[in-house]
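The values are calculated or read from the model by the stated rules, or taken from the named source; none is laboratory data. Worth saying up front: this structure is predicted, and the values here are computed from it rather than measured. Positions of Cβ are backbone-derived with ideal geometry, glycine not excepted, and every protein chain shown enters the neighbour counts.
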């Protein structure tokens, strides 16, 4: 493409596509702020996203404008658009004058711009919302992780009062409250960028949890420093692969950043990581050959790494592609294995996995290759491919030459082979079957899911019978008996649009565009919990004690909860990390998290950008009261017991402190601060008097008599209060410089 394309949408925002295929999307009403920030950065990732589009998308848009007459763009921009109104401006196209279309005029925006509407809404919206465009057409860059934020928590380590502190350089550590003795931690070079910390107890051990800007959550034994469990960071759309490795079903996954993760696909236990240089992966493929479990991962720069999955040894680094690789396939022939790779450069490459050397280069597609699958015809191995050019092609593997090619739709998004029948998926959600030998249509076992783009296909077996699995833009998963077409599973969307799929043994593995990884049993669709990172910075961490039964004895397990800027609340077993459950409101990012035991039940409080504090049952995710009235998002929440009733306290970004009754969500107090964001808050009843202490970003600590809302004292501190402990001995405040007793 030459020149530029700009869509202004009064209800969504503005989208600019430049000649190199890069795009910038800005939320409505904030474009001026971004312009002032300049192209060098500095704009908030919450309202600006960047990325790259596939040429196929812009070709469709430009083709739809045709020779339609339209006025030249106004030199200083047009009039302000009404909500929902649109303006499309195309400039710098060879042989064409600069043109502009505006809804409500004689030259309305052409229908082909609907693809740009969809892109703008998808990029700026909730990543877990249904997607109307396949991921192959647009790749959004990971949101800026943001700077390390100071955070602290007070608790105990081996029975000793202590605090955890994240420092400005990213180092974090544990320190005794009484004599400031160091109890452990990390240096600034630990490779983590912490945003949240928590201290808790589980199975008789003191635990220390850290959440990072990359969405990771790591847990250590606070007394010994041993790693207990956790997730590595992996922002964005998840590529997945499944493999039975040494008798264990393994789920591999990687996002747009971070390393590649390996967990047990049946129970979620973490097995380890494989290094990708922190760049994540765009495609994964696993296979077994000659007694070796192989795993191939394509990086965003077009390189492909191949590991021995059993030992973690890097076997090959394959270099040759110019652009992202979106599809991988492995063919095993006795003791030999061939890897096929393809993507944005439209060239298919074949590699000998014994040597890592290239075998063949296959040219013919005129669009990004989105699917690869091996099959056998007349006892000879054949590779099939599909692309955004709307064609399916087959290739002789031994001779490295084309066999057949045929049109199969417009934007083809996925391909799977079941015997000598090829199945393709497209942007409309349709599944079509083709005879691989001739390219003629074949009876299709499934019609797909019209109205939602088909985003992934995978073929496998269940109890010896061939099955076909499909994933869609609304997050739904479906599995059919490939021989009879009988439906086996129809699972609703969860965790965002499906990005990739794989099958192994009796498991279905799915990676979503929002950063989740799902594992389901093929036999009945039962969901198996997997430990996946948040798709964005961790906003809060909290440990909950085990629930208490009627007899007063603990029932169940201690839990660890994490709330993310991705709008997801994750809860897992504090001691093991197992049984990871994920909940979401669909109301945007979380900003703070707290936990308590109320009525013997573990309760969570989350604050969000929707100006509410929401209460949850930590064990089952049941939603409780919604506490409203915040003038600005809360940056900190905590629980207290006042007058025998549990309350939740929130400190807002403007210094306001609000208090609600946990049982019914009614507001019981509102306290005005000094205008700076509240960073720490605690409530306590001492000698029958309810007290509340809050510290703000300006370094001011305030103490209130809660029942009368009377300000008792105000003190300036040397640093921002990050955590406060209030008991009979007085106040102890943790600042970036350490703990201060008042």
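Every listed requirement among (1) at pLDDT below 95; (2) in contact with a strand residue (DSSP E or B) (Cβ under 6 Å, 6 or more places away or on another chain) is met by residue 672 save one, (2).
Restricting segment 660-676 to residues that are surrounded by 20 or more Cβ atoms within 10 Å (Cβ to Cβ) and part of a loop (DSSP other than H, G, I, E, B), the residue that is nearest to the chain's Cα centre (by Cα) is 662.
Those residues that are assigned to a loop (DSSP other than H, G, I, E, B) and either within 37 Å of the chain's Cα centre (by Cα) or closer than 14 Å to residue 678 by Cα (or both), I need them from segment 721-735; list them, please. Listed by number, the residues that qualify are 721, 722. Checked against (1) modelled with pLDDT under 85; (2) in contact with a strand residue (DSSP E or B) (Cβ under 7 Å, 6 or more places away or on another chain); (3) surrounded by fewer than 23 Cβ atoms within 10 Å (Cβ to Cβ), residue 168 passes all but condition (2).
Would you be able to tell me the number of residues in segment 507-525 that are closer than 16 Å to residue 475 by Cα and more than 10 Å from the chain's Cα centre (by Cα)?
Count: 7.
Looking at this structure, is residue 336 free of Cβ contacts under 8 Å to residues at least 12 places away in the same chain and on the phi < 0 side of the Ramachandran plot? Against the criterion (free of Cβ contacts under 8 Å to residues at least 12 places away in the same chain and on the phi < 0 side of the Ramachandran plot), residue 336 does not qualify.
For the residues 398, 365, the requirement of being outside any strand (DSSP E or B), surrounded by 15 or more Cβ atoms within 10 Å (Cβ to Cβ), in contact with a strand residue (DSSP E or B) (Cβ under 7 Å, 6 or more places away or on another chain) and in the same structural domain as residue 485 (by TED's automatic domain parsing) singles out 365.
Taking the condition within 32 Å of the chain's Cα centre (by Cα) and either at pLDDT 85 or above or crowded, with 18+ Cβ neighbours inside 10 Å (or both), does residue 128 pass? So residue 128 passes the test.
Residues being closer than 20 Å to residue 613 by Cβ and not in a strand (DSSP E or B) are represented in segment 685-699 by at least one member. Scan segment 297-304 and give yes if some residue there is surrounded by fewer than 24 Cβ atoms within 10 Å (Cβ to Cβ), over 30 Å from residue 388 (Cα atoms) and free of Cβ contacts under 8 Å to residues at least 24 places away in the same chain, otherwise no. Within segment 297-304 (the criterion being surrounded by fewer than 24 Cβ atoms within 10 Å (Cβ to Cβ), over 30 Å from residue 388 (Cα atoms) and free of Cβ contacts under 8 Å to residues at least 24 places away in the same chain), the answer is no, since none of the residues qualifies. Taking into account only those residues within segment 94-107 that are surrounded by fewer than 17 Cβ atoms within 10 Å (Cβ to Cβ) and in contact with a strand residue (DSSP E or B) (Cβ under 8 Å, 6 or more places away or on another chain), which is farthest from residue 17 (Cα to Cα)? Out of the qualifying residues, it is 107. Take the conditions (1) out of contact with any strand residue (DSSP E or B) (no Cβ under 6 Å at 6 or more places or on another chain); (2) within 30 Å of residue 346 (Cα to Cα); (3) surrounded by fewer than 18 Cβ atoms within 10 Å (Cβ to Cβ); residue 91 misses just one of them, which is (1). List every residue pair whose Cβ atoms lie under 6 Å apart, where the two residues are 6 or more positions apart in sequence or sit on different chains, the first residue falls within segment 13-31 and is farther than 19 Å from residue 100 by Cβ, and the second residue, located anywhere, is modelled with pLDDT of 90 or more and outside any strand (DSSP E or B). Pairs that qualify, where the first residue is farther than 19 Å from residue 100 by Cβ and the partner is modelled with pLDDT of 90 or more and outside any strand (DSSP E or B), are 25/120. Annotation note: of 505, 598, the sole residue that is over 25 Å from residue 298 (Cα atoms) and touching a residue at least 40 places away in the same chain (Cβ under 8 Å) is 598. Candidates in segment 625-659 are the residues that are over 23 Å from residue 727 (Cβ atoms) and part of a strand (DSSP E or B); of these, the one that is farthest from the chain's Cα centre (by Cα) is 658.
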